[in-house]
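Asks: Pasting a structure below so you can have a look.
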There are 2 protein chains.
Amino acid sequence: MTPEQLFTALTPSPHDRKPLYLQVGDRLRDIIASGALKRGDAMPPERELADRIGVSRVTIRKAFEELVGAGILSQKPGAGTFVSGQIEQPFSILQSFSEDMRARGYEPGSIWLDKHVTRTSPDEAMALGIAPTARVMRLKRIRTANGQPMAVETAVISAHYLDDPDSVGNSFYAVLRQRDLLPVRALQRIRSRLAFVHEAELLHLDTPSAILDIERRSFLPDGRVLEVTFSSYRADLYDFVAELRTAGIPE
Amino acid sequence: MTPEQLFTALTPSPHDRKPLYLQVGDRLRDIIASGALKRGDAMPPERELADRIGVSRVTIRKAFEELVGAGILSQKPGAGTFVSGQIEQPFSILQSFSEDMRARGYEPGSIWLDKHVTRTSPDEAMALGIAPTARVMRLKRIRTANGQPMAVETAVISAHYLDDPDSVGNSFYAVLRQRDLLPVRALQRIRSRLAFVHEAELLHLDTPSAILDIERRSFLPDGRVLEVTFSSYRADLYDFVAELRTAGIPE
DNA sequence: GAGTGGTCTAGACCACGTG
DNA sequence: ACGTGGTCTAGACCACTCC
């Protein structure tokens, strides 16, 4: 791809109401994903790129920033900006079971085991950061992929946020989205252990079998805990992919 | 903490050669970690803060940016910037086994099983992105915590980067650091399974026992794969904590 | 020395939430 | 209506690499 073609392709549209840095960044991401720019290729200097596509250098830097963070570009002071190559998709992205399964090419499903409002347990109160006397809604179901049992999942959410069991259909997250309760980050603790007998039955497993246990706490933008989910996955069918980064500050 | 005290505490030192936005960001992080600012507290408006500590608003925004990304601050357009509260430490941070164990309060150790240069296997060649005929260095050892076996780990690195087994003492990463081979990100795949018999012996486990399998590929800044490590942890002693975020782009 | 990314400034306009 | 964060500009200086 010639520099001229790159300038044309990256020039933002005045009709698009998206921020300039997002337009430029998204287009560049697409170009690299398409293979038109390969690993090791040098980007034009920030100043030249800014001039040619009619934005300021600060805007270019902000557009680059996200791609550098994602490992798609790398920058070297005094040298330049270079393409690192396509990135494999599986980020550590917070997604629902349904999204996760669809991304893996399975059709997600659920079998409800329990769905009601009740008194919280001490563990749950601690994890949710609520009073031990508070009430919570507990949602327990078998999660399936292409009809095959994949995990047993128990989600617990403070009744303060959600207190109508009937409002929850197959997608817990859809209800949360409706109510503007969108988690922005989550912590997951991942363990491995042997399956209990009743789990083995629910998941159609022999004994002994290994279980991948995932405990997730998801957080609202202001830092409060929205919900806690305990999931037990069939280890023979599921793996978990995480992306790690080096601690931000050099030295 | 009064606004006046905050302004004083955040005013960067002219003698410090660190970038202003890092000085401000680090100080603010410390202040919040110390508890002087609590969850829900409002930060002064960006413009006022910039004025009072003598930097530009852009610099304040860049200082805030990192803390917002870390979930320590949250920003709402039209409303303000607020403290989200202290963050639990366990980020998804790329760290060596030794760092990981020390962070958990254990004293790390190693027992070498194998350390030599050899022909690569097809799987390894694929994972490392090198020719199937290339040579690699393979490092296999038992990892211990307080003297107790914790994991069996096999690290594989292209002989192009490292080809002297004797150069590797107890810290693989220390050697890499010496040679300026610093990974910036890594992908981990985490699985659970039953222990093999020989593993159970090495790790002092009964059979059947569960194993937490972690495969890590770490990447250099330019996107090349530096090394691949296969680790099998005792599930009864180890868990893995990951942090997830929502996909960056809204909608 | 020329060119690069890294940092920083002092403005500006916008969309939006809050009082 | 006002103040907030979100975006954007057109400059500037620095430290570093080598196009």
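Asks: Looking at the stretch B:208-225 only, could you name the residues that are modelled with pLDDT under 90 and assigned to a strand (DSSP E or B)? Spell out the reasoning first.
Replies: Residues of the stretch B:208-225 modelled with pLDDT under 90: B:217-225.
Across the stretch B:208-225, the qualifying residues are B:Arg217, B:Ser218, B:Phe219, B:Val225.
Asks: Being open to solvent by 40 Å² or more (accessible area, probe 1.4 Å) and more than 14 Å from A:Phe230 (Cα to Cα) is the filter here; which residues of the stretch A:131-152 pass it?
Replies: Across the stretch A:131-152, the qualifying residues are A:Ala131, A:Pro132, A:Thr133, A:Arg135, A:Asn146, A:Gly147, A:Gln148.
Asks: Among the residues of the stretch A:14-25, how many are open to solvent by less than 80 Å² (accessible area, probe 1.4 Å) and modelled with pLDDT under 90?
Replies: Final tally of qualifying residues: 1.
Asks: Does the stretch B:186-194 contain any residue that is part of a loop (DSSP other than H, G, I, E, B) and either open to solvent by 10 Å² or more (accessible area, probe 1.4 Å) or without any contact (Cβ under 8 Å) to a residue 12 or more places away in the chain (or both)?
Replies: No; the residues of the stretch B:186-194 include none that is part of a loop (DSSP other than H, G, I, E, B) and either open to solvent by 10 Å² or more (accessible area, probe 1.4 Å) or without any contact (Cβ under 8 Å) to a residue 12 or more places away in the chain (or both).
Asks: Can you tell which of B:Phe64, B:Phe97 is within 16 Å of DNA strand C (Cβ to nearest atom), more than 12 Å from every other protein chain (Cβ to nearest Cβ) and under 26 Å from the mean Cα position of the chain (by Cα)?
Replies: Of B:Phe64, B:Phe97, the one residue that is within 16 Å of DNA strand C (Cβ to nearest atom), more than 12 Å from every other protein chain (Cβ to nearest Cβ) and under 26 Å from the mean Cα position of the chain (by Cα) is B:Phe64.
Asks: Return yes when B:Ser96 is touching a helix residue (DSSP H, G or I) at 6+ places or on another chain (Cβ under 7 Å), in contact (Cβ under 8 Å) with a residue 40 or more places away in the chain and among the polar types (S, T, N, Q) and no when it is not. Let's see the steps before the verdict.
Replies: Numbers: touching a helix residue (DSSP H, G or I) at 6+ places or on another chain (Cβ under 7 Å): yes; in contact (Cβ under 8 Å) with a residue 40 or more places away in the chain: yes; among the polar types (S, T, N, Q): yes.
In short, yes.
Asks: Could I ask something else about it? Just checking, does the stretch A:30-52 include any residue being hydroxyl-bearing (Ser, Thr, Tyr) and within 14 Å of DNA strand C (Cβ to nearest atom)?
Replies: Of the stretch A:30-52, the ones hydroxyl-bearing (Ser, Thr, Tyr) are A:34.
Filter again for within 14 Å of DNA strand C (Cβ to nearest atom), leaving none.
Checking the stretch A:30-52: not a single residue is hydroxyl-bearing (Ser, Thr, Tyr) and within 14 Å of DNA strand C (Cβ to nearest atom).
Asks: Among (1) facing another protein chain (nearest Cβ under 8 Å); (2) open to solvent by less than 50 Å² (accessible area, probe 1.4 Å), which single condition is A:Asp236 missing?
Replies: Among (1) facing another protein chain (nearest Cβ under 8 Å); (2) open to solvent by less than 50 Å² (accessible area, probe 1.4 Å), A:Asp236 violates only (2).
Asks: Kindly evaluate B:Ala9 against the criterion of being modelled with pLDDT under 90, more than 13 Å from DNA strand D (Cβ to nearest atom) and either surrounded by 14 or more Cβ atoms within 10 Å (Cβ to Cβ) or over 22 Å from the mean Cα position of the chain (by Cα) (or both). Don't jump to the end; show me each part of the working.
Replies: Details: modelled with pLDDT under 90: no; more than 13 Å from DNA strand D (Cβ to nearest atom): yes; either surrounded by 14 or more Cβ atoms within 10 Å (Cβ to Cβ) or over 22 Å from the mean Cα position of the chain (by Cα) (or both): yes.
Answer is no for this residue.
Asks: Would you check which residues across the stretch B:162-192 are among the hydroxyl-bearing types (Ser, Thr, Tyr) and in contact with a strand residue (DSSP E or B) (Cβ under 7 Å, 6 or more places away or on another chain) and list them?
Replies: Of the stretch B:162-192, the ones among the hydroxyl-bearing types (Ser, Thr, Tyr) are B:167, B:171, B:173, B:192.
Within the stretch B:162-192, B:Ser192 is the sole residue that qualifies.
Asks: Which of the residues belonging to the stretch A:218-233 are buried (at least 20 other Cβ atoms within 10 Å of the Cβ) and at the interface with chain B (Cβ under 9 Å from one of its Cβ atoms)?
Replies: A:Ser218, A:Phe219, A:Gly223, A:Tyr233
Asks: Search the stretch B:226-237 for residues that are among the basic types (Lys, Arg) and pair each with any residue that is open to solvent by 10 Å² or more (accessible area, probe 1.4 Å) and outside any strand (DSSP E or B) when their beta-carbon atoms are under 7 Å apart and the residues are at least 6 apart or on different chains.
Replies: B:Arg234/B:Leu205
Asks: Being surrounded by fewer than 17 Cβ atoms within 10 Å (Cβ to Cβ) and either within 12 Å of another protein chain (Cβ to nearest Cβ) or free of Cβ contacts under 8 Å to residues at least 12 places away in the same chain (or both) is the requirement here; does B:Glu201 meet it?
Replies: Against the criterion (surrounded by fewer than 17 Cβ atoms within 10 Å (Cβ to Cβ) and either within 12 Å of another protein chain (Cβ to nearest Cβ) or free of Cβ contacts under 8 Å to residues at least 12 places away in the same chain (or both)), B:Glu201 qualifies.
Asks: I'd like the full set of residues that are assigned to a helix (DSSP H, G or I) and open to solvent by 60 Å² or more (accessible area, probe 1.4 Å), limited to the stretch B:53-87.
Replies: Correct list: B:Arg57, B:Val58, B:Arg61, B:Lys62, B:Glu65, B:Glu66.
Asks: I've got another one for you. Condition test on A:Ile130, is it of a type in the set (A, V, I, L, M, F, W, C), assigned to a loop (DSSP other than H, G, I, E, B) and more than 26 Å from B:Gln188 (Cβ to Cβ)?
Replies: yes
Asks: A further question follows. Can you go through A:Arg179, A:Arg185, A:Arg138 and tell me which one is within 14 Å of chain B (Cβ to nearest Cβ) and either over 19 Å from the mean Cα position of the chain (by Cα) or not hydroxyl-bearing (Ser, Thr, Tyr) (or both)?
Replies: On the way: A:Arg179 fails: within 14 Å of chain B (Cβ to nearest Cβ); A:Arg138 fails: within 14 Å of chain B (Cβ to nearest Cβ).
Answer to the check: A:Arg185.
Asks: Could you tell me whether A:Arg102 is within 26 Å of the chain's Cα centre (by Cα) and away from DNA strand D (no atom under 11 Å from the Cβ)?
Replies: Yes; evaluated as a whole, the condition is true for this residue.
Asks: Restricting to the stretch B:26-52, and then to whatever is of a type in the set (Lys, Arg), part of a helix (DSSP H, G or I) and over 14 Å from B:Gly80 (Cα atoms), can you tell me which residue is most open to solvent (accessible area, probe 1.4 Å)?
Replies: Taking the stretch B:26-52 first, the residues of a type in the set (Lys, Arg) are B:27, B:29, B:38-39, B:47, B:52.
The next check asks that each one be part of a helix (DSSP H, G or I); those that pass are B:27, B:29, B:47, B:52.
Now drop any that are not over 14 Å from B:Gly80 (Cα atoms), which leaves B:27, B:29, B:52.
Working: B:Arg27: 75, B:Arg29: 69, B:Arg52: 115 Å².
Among residues in the stretch B:26-52 that are of a type in the set (Lys, Arg), part of a helix (DSSP H, G or I) and over 14 Å from B:Gly80 (Cα atoms), the one most open to solvent (accessible area, probe 1.4 Å) is B:Arg52.
Asks: Can I ask one more? Go through the stretch A:34-64 and give me each residue that's acidic (Asp, Glu) and either on the phi > 0 side of the Ramachandran plot or more than 11 Å from DNA strand D (Cβ to nearest atom) (or both).
Replies: Hit for the stretch A:34-64 is A:Asp41, nothing else.
The values are calculated or read from the model by the stated rules, or taken from the named source; none is laboratory data. Just so we're clear, the structure is a prediction, and the values are computed from it rather than from any experiment. Neighbour counts are summed over all protein chains in view; Cβ atoms, including those assigned to glycine, are modelled from backbone coordinates with ideal geometry. Accessible surface is based on the protein model in full, side chains and every heavy atom, while ligands, DNA and RNA are left aside. Shrake-Rupley method; radii C 1.70, N 1.55, O 1.52, S 1.80 Å.
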